[in-house]
Amino acid sequence: MMRATAVLSMLHEPFGERNSARRLFRDRPVLWWTLERLRAARSIGSTAILCWEDQLAGVKFIAEEQDIYVLAKGPRCVVPAMDGVSAARRWAEGWRGGLMQTCEFDRGFHGPWLMELAVKLSADTMVLIDPAAALVDPILIDAVIHHAETNPEAPLVFSQAAPGLSGVVLRFELLKQLASVNSHPGKFIHYQPTQPCRDPIAEKACAAVATPIARTSHRFTLDSQRQVERIDRATLHLNGELMQTGAEELVRSLNEMESCDSLPREVIVELTTRRATRPVFMPAGQLAMGREDLSLEMAKDLFDQLAEADDLRLTFGGVGDALLSPCFFEMVQAARQAGIAAIHARTDLLEMTPEFIARLAATSVDVVSIQIPAITAVTYQSVMGVDGLSRVLDNVKTFVEQRWKRGQATPILVPVFTKCRENLAEMEVWYDRWLAALGSAVIAGANDYAGQIPDRAVADMSPPRRRACGRLASRMHVLSDGKIVSCEQDVLGRQSLGDLATDRVAEVWAQRFAALRSDHRRGEWDKHSLCGNCREWHRP
């Protein structure tokens, strides 16, 4: 039997109490659970942990119990490629499909330092495992390593298991190549415009797992307090048996859990209703809003409330262009100071000076997504309502140059193509070009905002049978006047559930959103006019 070296990199995890060596799950550190579960894997020959100096004390206390090798890389420093991957994965849920062509096992990956570890331990084969994978299944680990043994020509072997249940096998030669170009292994499992091939999940590099393990939408990494509480609730009935519980039973337990989190996972905050464009697929320019900009004082109070969730994702978006808010940079700073780590801004990237673009490239935002739904100037004008494609492209170039000068990989710049009848012919060429240019590109579908604007969608993508809206359990939308509304479709505030001026976010989420979710579970969405007309209810 092949014996692999298990590597747990903590480089992507923060200092303080929010890392796997400090965060507790049932009175034990999460990292302890991960290592204890791994001990049952027969194909693991040795185990190593890669961490920062500020994480070392907590790591050594746990690692010494099991005689595990620890490589600490000194004081925390900027590693652009790895920081970019970390930012991309903060905005992904599944094991594959992240920005920058990342997969879940890319978190904490830095080729040169893993090479150093491989040389020190004489490791020909490594299996990368998230340190927060406290419920990793040793049977799945053995299976993926056995699959690598029977397919020696595959430099990378993976499975479609949900995040936190398994690992990925990496051979020394591939690690050496990745280290030389400072890249990450997930790129091998993503679409490459210049190297078309079959989907890797249909190739020998993919180890089969049971369908429930591959198809679940749940995550099993305990990398936030929300995840700790969620897994704890779902597995209470396994008390005393959890250490030996397999992946399929864990998936079943989470599927059967009905309770909702105390705060939303994602919050979209509208800073302004102003835009420099009039997109045919957006309410801006088609509906009268008349809302004031969100005040910095109100935003600061909101951020303080939201920061109680240590994995919250904050998007500055809504009807308007977030970057046109005169307080945009102050908003970002306030959110960061409150403790919100994941921040995303939506923009058209028009009407901005080179100085503003340079400042944007230096700001602490994970992702800046830009509406560029066209290849040609004519199509851009017909879809966006203004002749602005050349200016947008100039601004993109300025942004990339400024980010390069700073030696950073963030903010990640993501062109967005909203697919509608007017631009469909340019979609495929657009995607290949932007993916090759920036490493990230997103295609989104147009919608009619529950019948409030003309429908520009190419096709109705909603399934034939209606079900409860899944977003009501994870997302909240705040308008610039402080109204908390049911979702992003409610651009006019017709289904207001609360107000920042008078209500606490947690109470609105626990009570008024709960009532709306209850109506949806009973199939009574027609009680709410927008819900009844919505065709976006099936979106994750």
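The values are calculated or read from the model by the stated rules, or taken from the named source; none is laboratory data. From a predicted model like this one, the values you see are computed outputs, not experimental measurements. Every residue, glycine among them, receives a Cβ derived from its backbone with ideal geometry; neighbour counts consider all protein chains shown. Heads up: the accessible areas ignore ligands, DNA and RNA and are worked out on the full protein's heavy atoms, side chains in. Shrake-Rupley method; radii C 1.70, N 1.55, O 1.52, S 1.80 Å.
Things worth noting here:
- Of residues in region 161-187 being among the basic types (K, R) and assigned to a helix (DSSP H, G or I), the one farthest from V442 (Cα to Cα): K176
- Annotation note: Cβ proximity below 8 Å between a residue of region 373-398 that is polar (S, T, N, Q) and a residue that is open to solvent by 40 Å² or more (accessible area, probe 1.4 Å) (sequence gap 6+ or interchain) occurs for T379/E422; Q381/D387; S382/E422; S390/A377; T398/P354.
- Identification of strands (runs of 3 or more DSSP E) wholly contained in region 459-514 with 1 or more residues that are acidic (D, E) yields 496-499.
- If you go through region 239-272 and keep only what is assigned to a helix (DSSP H, G or I) and either open to solvent by 10 Å² or more (accessible area, probe 1.4 Å) or touching a helix residue (DSSP H, G or I) at 6+ places or on another chain (Cβ under 6 Å) (or both), you end up with M243, Q244, A247, E248, E249, V251, R252, S253, L254, N255, E256.
- Qualifying positions in region 304-332 - under 24 Å from P283 (Cα atoms), open to solvent by less than 10 Å² (accessible area, probe 1.4 Å) and assigned to a helix (DSSP H, G or I): A322, L323, F328, M331
- Total residues in region 188-215 satisfying the condition of being under 30 Å from N255 (Cα atoms), touching a residue at least 12 places away in the same chain (Cβ under 8 Å) and assigned to a helix (DSSP H, G or I): the figure is 6.
- Test for Q402: is it within 27 Å of the chain's Cα centre (by Cα), open to solvent by 40 Å² or more (accessible area, probe 1.4 Å) and modelled with pLDDT of 95 or more: yes
- One residue stands out among those in region 53-69 that are within 17 Å of A134 (Cα to Cα) and not in a helix (DSSP H, G or I): the one that is least open to solvent (accessible area, probe 1.4 Å), which is I68.
- If you go through region 114-136 and pick out every residue that is farther than 24 Å from H190 by Cα and open to solvent by 10 Å² or more (accessible area, probe 1.4 Å), you end up with 6.
- Residues in region 118-141 that are more than 28 Å from the chain's Cα centre (by Cα) and either of a type in the set (D, E) or more than 25 Å from K204 (Cα to Cα) (or both): V119, K120, L121, S122, D124.
- Taken together, T47, T102 contain a single residue that is hydroxyl-bearing (S, T, Y), at pLDDT 95 or above and in contact with a Leu (Cβ under 7 Å, 6 or more places away or on another chain), which is T47.
- Of all residues in region 349-363 being in contact (Cβ under 8 Å) with a residue 40 or more places away in the chain and surrounded by fewer than 19 Cβ atoms within 10 Å (Cβ to Cβ), the one that is nearest to the chain's Cα centre (by Cα): T363
- Complete set of residues in region 408-432 that are more than 23 Å from the chain's Cα centre (by Cα) and open to solvent by 20 Å² or more (accessible area, probe 1.4 Å): R421, E422, L424, A425, E426, M427, E428, V429
- A search for C-beta distances below 7 Å between a residue of region 499-528 that is free of Cβ contacts under 8 Å to residues at least 40 places away in the same chain and any residue that is exposed (fewer than 14 other Cβ atoms within 10 Å of the Cβ), counting only pairs 6+ apart in sequence or on different chains, returns D519/K527; D526/G532.
- From the options R346, R291, R336, residue that is assigned to a strand (DSSP E or B) and either buried (at least 19 other Cβ atoms within 10 Å of the Cβ) or among the basic types (K, R) (or both): R346
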